[in-house]
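For reference, the structure discussed in these notes is given below.
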Amino acid sequence: MKLFFFSVTKHQYRYFQTLRKYLNYSSKHLFFPNFSFSLEGFLYTKQLKLMNIFSIKFREIDCKYTNPITKFFYKLLLKLQTPWIVSSVYSQLKMFKPDYLIVWNGKKFHQAIAVEIAKKLNIQPVFFENGVLPNTTTMDFKGVNASNSVPRDSSFFEHLQFGEDQKLPQTLQARESKTKKKIFDTSLPDRYVFVPFQVAYDTQIIQHSPWIKDMFELYEIIEWLSKQIDIPFVIKEHPSDRVSDYTSLHQKRNERIQFSSHDTQFLIENAACVMTINSSVAIESLLLGKRVIVLGEAFFAIDGIVKITKSKEAIKTCLNTLDQWQLDEKLIKNFLNYLYYDYLIPGDWRNPSQKHLEAIEIRLKEAQC
C-alpha cells in the first residue's frame, strides 16, 4: 500500500507526519507551498474542471473581506497560483503512483484541487476532519460533513444492536475563542431555543446552506419567528469565527432574542430545543437528549433523528408543536452509537494515541479487502 499525504497548514503537516511514522507503508508527504514543478503538470491544469472550486473559494473571500481591492488581488493570486498547485500535486502523484491521497477536509481550495487531480488519476482520496463527537476524529473515503459516507436512511440505524455497556460521552469539548468577543452577562429565559451561530465563511455554510446565505440572514429568520411564536431565542457566536462582526445584531437584541457567552454545553442542556443550519452542535445536542431542528444540508438531517426544515414557515410549525414532539430515543441512541463506535476514529488527532493510530491502520486495511 502506498500513501500520499497532502497538507497546507502546520497542524495538518504535524498530524500527517505522525501517521506516516506509525503506518508501515511506503508514503510521501507534499507540504504546499513547495518548489516542485513540471511542465506536464503545468499544462495539466487545462484538463481539470475547476470552476466550481473557484466559485466556492471566491464566495468565501467575499464573506471574509469587505475591501474590494483585497478581494480582487486575493482572487487574482489564487488564479496565478493554481497552475503551481496542479503542477506540484500532479507531478508527485504521477511519479509516486499512490493507492491513496490523504487530505484534511478536502473541500478547501488547495485540497479540492488535489482531490480533483487524484480522481482523474484513479487514486482514492481519504478525508480527515475533526470528529463530531468529543475526543474523536473523522476518517472517510467519500468526504466530510454532508458529503460523508454515513447512511441517510433511518431504517439502517433502527436495526443496529449495541451492548448496554457501550456508553456515550456526556461532557463536550469546549472550544476556545480565536478572537476577543463581546461578553454578554445576561440571565437565560426559563424556556428558549438555542441557536449556535456558525463560521460564515466555512464550507458548511458556503457549500451546504442552500437557503440561508449567512448569519445575518439567519438572524432575520429568528427575528421573524420571534414575532410569530411565544418562545425566546438565545444565540451564541462561533468561537472560531475570526472575521464576522455582529455588532449591528447585538444592538437589535431584546427580550425575545438574546446573545449569550455561556458555555455551549450549559446552553444546550437548558434549552427546550436547538436550531442549527448544520453545526456539529446538533450532534452534541442529540447526545444530551435535546430536540434538534436542522435548516441546511447535513449528514444528520435524517427524519426521525432531527426535524428537517427548508423554510421559515416550516420552522414555525416545528416550534409551535414542540410539546407534541416525542424523541425516538432508541433510534437516536443507535445513531450516536454507530457514529461513536463504528464510524469515527477514537481519539483527538491533536494528540493521537496508540488506539487512534491502530484504528486508522485497521480502516486502511479494511478498505483494501
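Annotations
- For chymotrypsin sites (Phe, Trp or Tyr not before Pro), the sites in the stretch 311-362 that DSSP calls loop and that have at most 15 other Cβ atoms within 10 Å are W325.
- If R0 is 45 Å, the Cβ-Cβ spacing of T321 and F54 corresponds to a FRET efficiency of close to 0.55.
- Fewest-first ranking of F141, F73, using other Cβ atoms within 10 Å as the exposure measure: F73, F141
- Scattering curve values for the stretch 2-130, log₁₀ I(q)/I(0), Debye with Cα scatterers, q = 0.12 Å⁻¹: -0.46
- With N as its number of residues, the stretch 20-87 has a Cα radius of gyration that, divided by 2.2 N^0.38 Å, comes to 1.45.
- Among 163-174, 281-292, sorting by the average number of other beta carbon atoms lying within 10 angstrom of each residue, highest first, gives 281-292, 163-174.
- Rg to Rh quotient for the stretch 1-57, alpha carbon positions, Kirkwood Rh: 1.06
- Kirkwood-Stokes translational diffusion coefficient of the stretch 289-369, alpha-carbon pairs, 4 °C, 1.567 mPa s, µm²/s: 84
- In percent, rounded to a whole number, the relative contact order of the chain is 17, using alpha-carbon pairs under 8 Å and six or more apart.
- Helices of the chain meeting both criteria, an alpha-carbon length of 15 angstrom or more along the long axis and an average Kyte-Doolittle score not below 1.6, with helices taken as full DSSP H segments, do not occur.
- Remark: the F31-T66 segment gains 9.6 nm on full extension, using 0.36 nm per residue and subtracting the alpha carbon distance.
- Seen from all directions on average, the chain presents a Cα convex hull projection of 19.7 nm².
- Computed log₁₀ I(q)/I(0) - Debye formula, equal Cα scatterers, no solvent, the stretch 182-269, q 0.14, 0.20, 0.25 Å⁻¹: -0.48, -1.01, -1.46
- Rh (Kirkwood; distinct C-alpha pairs) - the stretch 154-342, Å: 17.2
- For the stretch 233-326, convex hull of alpha carbons as volume per residue, Å³: 123
No lab work stands behind these numbers, since they all come straight from the coordinates. Fair warning: this is a prediction, and the values are worked out from it, not measured in the lab. Cβ sites come from the backbone with ideal geometry, for glycine too, and all protein chains shown count toward neighbours.
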